Amino acid sequence: MCYAIPGKVIDINNKIVTVEYFGEQKKAINEIDDLKVGDYIYAQGGYVIKNIPEAEAQSILTTWKETFFELQELDLRLSRLDLEKKGIDKKLALILDRAAEDLPLKEADLLHLLNLEDDKQIELLFKVANFLRQKHLGNSCCVHGIIEFSNYCSQGCLYCGISNHNKALPRYRMTKKEIIETAYEAIEKDGFKALVLQSGEDPEYSIDDLSDIVKEIKKRSAVLIFISFGEVGLDGLKKLYQAGARGLLMRFETSNKALYDKLHPGKTLENRLQHLEEAFKMGYLIITGGLIGLPGQAKTDILNDILLTKRLNTEMYTFGPFLPHPHTPLAKVKPPAVKDVLKTLAVARIAGGKDAKIVVTTGFETLYAGAREEGLIAGANSVMLNVTPKKYSENYSIYPGRAHAGEGIQEQIDTTLKVLRDLGRAPTDLGITHD
Ligand code: 5AD
């Protein structure tokens, strides 16, 4: 199982190397000491993670080559933009034309897109977002794995099913050894090259424990590690970076300060954002975003969330629907409409960083069975698969009825690859996204 295509190093300039993939050149940051021009490597999220023998690279590339071009062609065909102007109102046509040309849009125009209600108009918005995704990122689609290693959480976020509001939930905590072994299997057996380690804010693991886990995983295998342990403090972020973590997954949840305060007792938006800003400065790749459909949230809040995500130099946007959990204070609040989630992904593609990745979240798949296919043709280009051992993952119930909960890893991989193949997407992550 292979989630990344080997690339050939054609230039090395200090830490930045140029890598070629079937004629396409990408840049990546290199931390391997003895890397030479002519070597074959795997890159993930803009980092060179592994040097591989030429014979192995050649054999993978031979099997990939034909498929790679076939997929590209299919994607190109599916994302072609022919804005059929008849019957579209002039204002929308002007906005979408500007978007397709990569011209900046006013906030009022972006809000107009988020407010669209007519299905035909919304369809055009998705087409433009899909066109831009193809134009800037080609057919590559990230497939990261996530290990949820503890559902203990000391925090009381009003919406969250693993928060301390939920007294009914059986809690679990994986041992260091279990976490390291789960990661090893996901990397060496299933082929994942980027893994997210996630937990509730669980004081049982010290920063040293978490650092040991990251170090040990990286010692055994080549992998890009994202940490997602909540607010570990700036010192904690520094130590975890030194241990080898290179990405931080942490949503700011909402950019509306009053709403943030209401939903996160004892927490501040300021502190959350400070983590994200400082992490970026330390060199972390950032995955962040917010919840869609929180009670009292307006469309302007969603737009502000997208714009804030961009300001945070985000590598991957993560926007998912709020889903009511019966054992939380927000049990009675309704989830958002499917089209509001899709519109958010599309506007994120139009207003966000040109090269940003946008993930179709498991939350969205839980709200709507067609989320993955429809999200991927409305601007998204990334998915995450759950590699937590089954006996634990059913209790990581941040929201109820999680999609894919009963599936094994191989089943998830098979269905994901089929969805990607049908859309002409290659499960790859080819190189750098910010300079
Ligand atoms: N519905 C949807 N997403 C949720 N999260 C927590 N609770 C819910 C819910 N009820 C999300 C938060 C958090 C991520 C790990 O899970 O956005 O950042």
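FYI, it's all coordinate maths here, none of it is from the lab. The model shown is predicted, which means the values in this text are computed figures rather than measured ones. Heads up, the Cβs are rebuilt from the backbone with ideal geometry, glycines too, and the neighbour counts pull from every protein chain shown.
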Fraction of antiparallel bridges per DSSP, the chain only, in percent to nearest 5: 35 percent
If you filter segment 1-104 for GluC sites (Glu not before Pro), then keep DSSP loop positions with at most 14 other Cβ within 10 Å, what is left? GLU31, GLU84, GLU101
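Classify segment 1-155 as rounded, prolate or oblate from the Cα gyration tensor: take a ≥ b ≥ c as the square roots of its eigenvalues, call it rounded if a/c is under 1.5, otherwise prolate when a/b beats b/c and oblate if not.
Prolate.
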Select from PHE322, ILE49, THR175 the residue farthest towards the positive end of the dipole of the chain; place +1 on Cβ of Lys and Arg, -1 on Cβ of Asp and Glu, and compute about the Cα centre. PHE322
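Using Cα pairs closer than 8 Å and at least 6 residues apart in sequence, work out the relative contact order for the chain, in percent.
Averaging sequence separation for qualifying contacts and normalising by length gives 22 percent for the chain.
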Computed lengthening from GLU73 to ASP190, 0.36 nm per intervening residue step minus Cα-Cα distance: 39.4 nm
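Fewest Cβ neighbours within 10 Å first, please rank LYS91, LYS127 accordingly.
So the ranking, lowest neighbour count to highest, is LYS91, LYS127.
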Rounded to whole angstrom, the alpha-carbon centroid of segment 310-333 lies from that of segment 198-266 at a distance of 17 Å
For segment 313-435, what does the alpha-carbon gyration tensor say about shape, rounded, prolate or oblate, given a ≥ b ≥ c as the root eigenvalues, a/c under 1.5 as rounded, and a/b over b/c as prolate? oblate
Hey, how many Å between the Cα centroid of segment 99-157 and the Cα centroid of segment 48-98? 16 Å
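Could you work out the relative contact order of segment 7-77, using alpha carbon pairs under 8 angstrom and six or more residues apart, expressed as a whole percent?
RCO, segment 7-77: 22 percent.
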What trypsin sites (Lys or Arg not before Pro) in segment 180-278 are in a loop by DSSP, with at most 16 other Cβ atoms within 10 Å of the Cβ? LYS189
Approximate spin-label separation LYS65-ASP33, in nm, with each point projected 7 Å along Cα-to-Cβ: 3.6 nm
Fluctuation leader among ILE217, ILE60, ILE350 - the chain, Gaussian network, Cα springs under 10 angstrom: ILE60
Helix-derived [θ] at 222 nm for the chain: sum -39500 (n - 2.57) over DSSP H runs of at least 4, divide by residue count, nearest 500? -13000 deg cm²/dmol
Radius, Kirkwood style, for the chain when every pair of distinct Cα atoms is counted (Å): 22.1 Å
State whether segment 124-220 is rounded, prolate or oblate according to the following rule on the C-alpha gyration tensor (a ≥ b ≥ c being the square roots of its eigenvalues): a/c under 1.5 gives rounded; otherwise a/b larger than b/c gives prolate, and the remaining case gives oblate. oblate
GluC sites (Glu not before Pro) in segment 127-214 lying in a DSSP loop, each with at most 16 other Cβ atoms within 10 Å of its Cβ, come to GLU204
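What length, rounded to one decimal in nm, is gained on full extension from SER206 through to LYS90, with 0.36 nm per residue of separation minus their alpha-carbon distance? The partial results should precede the final answer.
On the way: separation 116, 0.36 × 116 = 41.76 nm, distance 5.77 nm.
Length gained, SER206 through LYS90: 36.0 nm.
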